[in-house]
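Step one of this worksheet: look at the structure below.
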Amino acid sequence: MRVYRVKDYDEMSKKAATILAAQIVSGPEKALGLATGSTPAGAYRYLCKWYQEGILDFSEIRTMNLDEYRGISREDSQSYYHFMKENLFGHVNIKEENTFIPDGEREDADAVCREYEALIQSTGGVGLQLLGLGRNGHIGFNEPSDSFIKECHCVSLALSTIEANKRFFENAEDVPRQAYTMGIGTIMSAEKILLLASGEEKADALSRMIGGPITPRVPASILQLHRDVTVIADEAALSKI
Ligand code: GLP
């Protein structure tokens, strides 16, 4: 695991964007695994800027998103589908048919997750997977639990996650209680992983991810076993290491 210590959110975002850009430039063979949340938004802004400056071309790129709330329509401004459109897809020349996100509108959880997992594996897997970090150590929506769940699955969100994510909703009651997410095995099968963390509220999770025991109680700790992980974290996020 390589850990880059940067000054602040902007430096993290720029460095992350250069790594994502290098992956985009290197070719479309493998999908780019994308994440949502406030953490990657800054990196996406750099990618949009570099596209507008003619530096990047997304026309052949395929993307697979990590997760989506269950029971939310694509048009809902809180859906991850909407987030991706607002923060990246709507500003670059990516083809909509090349962007994949679990379908939160479909209620049949088994079918959604089985089909999403099959899609990822049958199209050659993910080349570079971008990850944020939940305050409780979650990645995607893999919440702390008694075991690592390997494949895409439907998850009931932890109370602390609902609490953390309510800032994006009008009322805490509006935060969906369930989500579809890539599993730990799905994430671990990516060739490369890029995890970003910014701010003091991530310091505890980050120190447990990097230096603590590998345990499903801290889902991100499994990344200690991945052969190619890059972490970019700012000083505040690294303050407990
Ligand atoms: C959400 C997402 C994660 C994200 C995390 C942190 O619940 N499912 O993919 O990494 O929370 O979000 P943020 O970057 O806004 O702190």
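When only Cα pairs under 8 Å and 6 or more residues apart are kept, what is the percent relative contact order across the chain?
Working: 511 pairs, mean separation 61.6, N = 241.
So the answer I get is 26 percent.
Could you work out what % of the accessible surface of the stretch 196-241 is carbon and sulfur, using a 1.4 angstrom probe and leaving DNA, RNA and ligands out of the count?
Details: 890 of 1900 Å².
Answer for the stretch 196-241: carbon and sulfur cover 47 percent of the accessible area.
Based on the Kirkwood radius over alpha-carbon pairs, what value in µm²/s does the Stokes-Einstein equation return for the translational diffusion coefficient of the stretch 156-241 at 25 °C and 0.890 mPa s? Intermediate results must be reported in sequence, preceding the final value.
Working: Rh = 14.4 Å.
In µm²/s, the coefficient is 170.
Please report the relative contact order for the stretch 36-147, taking Cα pairs under 8 Å with a sequence separation of at least 6, and give it as a percent rounded to a whole number.
Details: 113 pairs, mean separation 30.2, N = 112.
With pairs under 8 Å counted, the relative contact order is 27 percent.
Which percent of the Cα-Cα distances in the stretch 1-61 go past 18 Å?
Roughly 37 percent, rounded to a whole number.
By the scheme Lys and Arg +1, Asp and Glu -1, what is the net charge of all other residues having a beta-carbon under 15 Å from that of E117? Let's see the in-between values first.
Values: positive: R106, R114, K150; negative: D67, E68, D103, D108, D110, E115, E151.
Counting the neighbours of E117, the net charge comes to -4.
Dipole of the stretch 29-168 (Lys/Arg Cβ +1, Asp/Glu Cβ -1, origin at the Cα centre): which of S147, L119, F83 lies farthest to the positive side?
F83
How big is the charge dipole of the stretch 1-132 about its Cα centre, in debye rounded to the nearest 20, if each Lys and Arg gets +1 on its Cβ and each Asp and Glu gets -1 on its Cβ? Provide the component values of the computation, followed by the final result.
Values: 15 positive and 21 negative charges, 153 e Å.
Magnitude of the dipole: close to 740 debye.
Under the rule of at least 5 residues apart or a separate chain, name every residue whose amide H is placed under 5 Å from the amide H of G33.
M64, G127, L128, Q129, L130
For the stretch 1-139, with every protein chain kept in place, what is the accessible area per residue (1.4 Å probe, Å²)?
Details: 6200 Å² over 139 residues.
Value for the stretch 1-139: 45 Å² per residue.
Just flag the GluC sites (Glu not before Pro) in the stretch 155-241 sitting in loop per DSSP whose Cβ has no more than 12 other Cβ atoms within 10 Å.
On the way: sites: E163, E170, E173, E191, E200, E201, E235; in loops: E170, E191, E235.
Of the GluC sites (Glu not before Pro), the ones in loops of the stretch 155-241 whose Cβ has at most 12 other Cβ atoms within 10 Å are E170.
Charges only on Cβ, +1 for Lys and Arg, -1 for Asp and Glu: so what's the dipole of the chain about the Cα centre, in debye to the nearest 20? Show your work: numbers first, answer last.
On the way: 26 positive and 35 negative charges, 183 e Å.
Taking the Cα centre of the chain as origin, the dipole is about 880 debye.
So what's the back-of-envelope 222 nm ellipticity for the chain, counting only DSSP H runs of four-plus at -39500 (n - 2.57) apiece and dividing by all residues, rounded to 500? Don't skip to the end; give the middle numbers.
Working: 7 runs with 76 residues, N = 241.
-9500 deg cm²/dmol, from helical runs alone.
Say the dipole of the stretch 160-202 comes from +1 at the beta carbon of Lys and Arg and -1 at that of Asp and Glu; which of Q178, T161, M188 then lies farthest toward its positive end?
Going by the Cα projections, it comes out as M188.
How much of the accessible area of the stretch 1-123, probe 1.4 Å, is carbon plus sulfur, in whole percent? Don't skip to the answer; put the middle values down first.
On the way: 2850 of 5930 Å².
Its accessible area is 48 percent carbon and sulfur atoms.
So what is the relative contact order of the stretch 117-241, in percent, for Cα pairs below 8 Å that sit 6 or more residues apart?
Values: 236 pairs, mean separation 40.1, N = 125.
About 32 percent, as a whole number.
Taking N as the number of residues in the stretch 73-154, what is its alpha-carbon radius of gyration divided by 2.2 N^0.38 Å?
Working: Rg = 14.0 Å, N = 82, 2.2 N^0.38 = 11.7 Å.
For the stretch 73-154, the normalised Cα radius of gyration comes out at 1.19.
What would the Debye equation give as log₁₀ I(q)/I(0) for the stretch 41-183 at q = 0.10, 0.13, 0.14, 0.20 Å⁻¹, counting only Cα atoms as equal point scatterers?
Log10 of I(q)/I(0), two decimals: -0.35, -0.60, -0.70, -1.37.
Please get the size of the charge dipole for the stretch 127-192, origin at its Cα centre, with Cβ charges of +1 on Lys and Arg and -1 on Asp and Glu, quoted in debye to the nearest 20. Spell out each step's value before the answer.
Details: 6 positive and 8 negative charges, 35 e Å.
About 160 debye.
Round to a whole number: what % of the accessible area of the stretch 139-183 belongs to carbon and sulfur, probe 1.4 Å?
Working: 1130 of 2300 Å².
C and S fraction of accessible area: 49 percent.
With viscosity set to 0.890 mPa s and temperature to 25 °C, compute the Stokes-Einstein D of the chain, Rh being the Kirkwood radius across alpha carbon pairs; µm²/s, no decimals. Working shown, then result.
On the way: Rh = 17.8 Å.
Roughly 138 µm²/s, to the nearest whole number.
The values are calculated or read from the model by the stated rules, or taken from the named source; none is laboratory data. For clarity, every value in this text was computed on a predicted model and none was experimentally measured. Quick reminder, even Gly has a Cβ in these numbers, built from the backbone with ideal geometry, and neighbours come from all protein chains shown. Please note that ligands, DNA and RNA were not included when accessible areas were found on the heavy atoms of the full protein model with its side chains. Shrake-Rupley method; radii C 1.70, N 1.55, O 1.52, S 1.80 Å.
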